[in-house]
Amino acid sequence: MSPRKKFNRSMKTREEKTLEKLVLGEAEDVIANLDKTKLKIKKTDTVKKKASANVQKKRKPVWTDNADLDETEILVPTRNARGMLSYVKTKTTYEKYSKELKDKFVYVHGTASWADLRKKDDDSDEILKRVGNFIVKTDDLTKGTIDISICKNLASNLDQSGSVTSLEFHPNAQVVMVANSKRNIFLRQVDGTKNLIIQKVLINDFPISCARFTTDGDQFIVSSYRYQHFYTYDMISGKMDKVQCDRKLSKFNLEKFHLSPDGRLMVISGKDGYIHVLSAKTKEFLYSNKMNSTVRGVAFSPDATRMYTHSDEGEVYIWDVRQKECLHKFYDEGCIHEIGRASCRERV
C-alpha cells in the first residue's frame, strides 16, 4: 500500500481561492465593511438618544391622596343593546377610574396641546424670563394720593322741611333727580358749581319713598310706602299718569322698586318674601317669585338675565329671568342687616 499523504490547510486549490474571493472578498474589503458597520452603529445610537430625549418624562405628582386608592362604588354610564343609556354601580378606585376616563378622552379627542408638559420656548414664557415693573404708568392718577374736590351740595336751595328719600343720575344727560318726603321732585343740572334747578314736580298727598329713571331716560317713576299705586312722569310732554297695581298682587309694598338694565322689567318687593315682576312698559303683572323670608335687596346682572335677591336672614337667591326659577342660593356670611344690593360686570 502507498503511504497516505498528510492534508495541509495552507495548500489550497485555485478553485477554493476563487470561491473565497467571490463569497468573502479581499482582505481590504473586509476591513472597509467593518468600518461601515461601526459608522451605522454610531448613527443608530445617536437617533435612539434623540428619540429618548423627545419622549415626555413622567413627572411625579406634587402630592397624593390616599383616599384615591380606596375602593368605592361609582356609577359608570353604559348602553344596552338598544342604545339606551343607564348607570351601573361598579366597585373600583378613583385612581383607576380617572385613568380610564383619561384614556377614553385621548382615544376620542387625542392629546390636547395644553396638556403637553414638555417645555416649549414660545412667546408666552417671555414674561417669566425677565424681571422689573410690569405696570404701565399713567398720568391720570397720581401716586399715593388722589385729589378730591368738594362740589356744591345737590340738596341745597331745596325744601329743607323734608328729608331726601331718593337720588339718581340721568342715564344719558348730566342731570340728577332729587326727591324728598314732602312730595317734591327736583331735576338739577350737575356742573359742580351752581347745580341749577331745571324743573320741579309736586305730587299732592304722596310722600315719595322711591324714584327712578327709566332706561331710555324719557320718564321717571315714583312710588310711596303708603299707597298701592305709583306715578309715571313723561319729561318730554310733562304729563303724569297714575298706575294702579294689579289686583292679582297680594301682600306687596311699594316702598322700593327696581328696574332691569334692559328696560323690560319692573320688580316690586312684596311682603313675606314675595317678588312681583311687572312689565316696565305696560306696567302689567307678569309673574311672582317667593323667598323664605322678607326681601331686603334686589339687583340685576348687566345683561338682565340674572336677578339677585337678598333676605333679612342673609340668604341670597340667584334667579333665571327667562326660566323664572331659582338657580342657586347661599348665605351671605357676616351680613347682619342689608339696606341695598347692586351688581357690576363681574360681581354682585
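The values are calculated or read from the model by the stated rules, or taken from the named source; none is laboratory data. The shown structure was predicted, so the numbers you read here are calculated from the model rather than taken from an experiment. All Cβ positions, glycine included, derive from the backbone under ideal geometry; neighbour counts span all protein chains shown. Remember, those area values only see protein heavy atoms, side chains included, never the ligands or the DNA or RNA. Shrake-Rupley method; radii C 1.70, N 1.55, O 1.52, S 1.80 Å.
So with the 1.4 Å probe, I'd like the accessible area per residue for segment 168-223, rounded to whole Å².
For segment 168-223, the per-residue accessible area is 45 Å².
Ignoring any ligand, DNA or RNA, what whole percent of the accessible area of segment 190-239 comes from carbon and sulfur when the probe is 1.4 angstrom?
Percent of accessible area from carbon and sulfur atoms in segment 190-239: 48.
Take the alpha carbon gyration tensor of segment 158-232, find the square roots of its eigenvalues, order them as a ≥ b ≥ c, and report rounded if a/c is under 1.5; if not, report prolate when a/b exceeds b/c, else oblate.
Note, shape of segment 158-232 comes out oblate.
Go through 252-260, 317-325 and give me the packing order, highest mean Cβ count within 10 Å leading.
Answer by packing, highest mean first, reads 252-260, 317-325.
At a Förster radius of 45 Å, what calculated FRET efficiency corresponds to the Cβ-Cβ distance of LYS96 and VAL164, to the nearest 0.05?
That gives a FRET efficiency of 0.10.
Residues with amide H under 5 Å of ASN180's amide H, sequence separation 5 or more or different chain, H placed in the peptide plane at 1.01 Å from N; which?
Counting only residues 5 or more places away or on other chains, the set is THR165.
Pop a pseudo-label 7 angstrom from the Cα along the beta-carbon direction at both THR282 and ARG247 and give the gap in nm to one decimal.
With each label point 7 Å from Cα toward Cβ, the separation is 1.9 nm.
Would you mind checking which residues have amide H under 5 Å from ARG296's amide H? H placed 1.01 Å from N; only 5 or more apart, or other chain.
HIS310, SER311, ASP312
Quick check: Cα centre of segment 190-206 to Cα centre of segment 225-284, how many Å?
Cα centres, segment 190-206 to segment 225-284: 23 Å.
Can you tell me, using C-alpha contacts under 8 Å and at least 6 residues apart, the relative contact order of segment 166-246 as a whole percent?
Relative contact order of segment 166-246: 20 percent.
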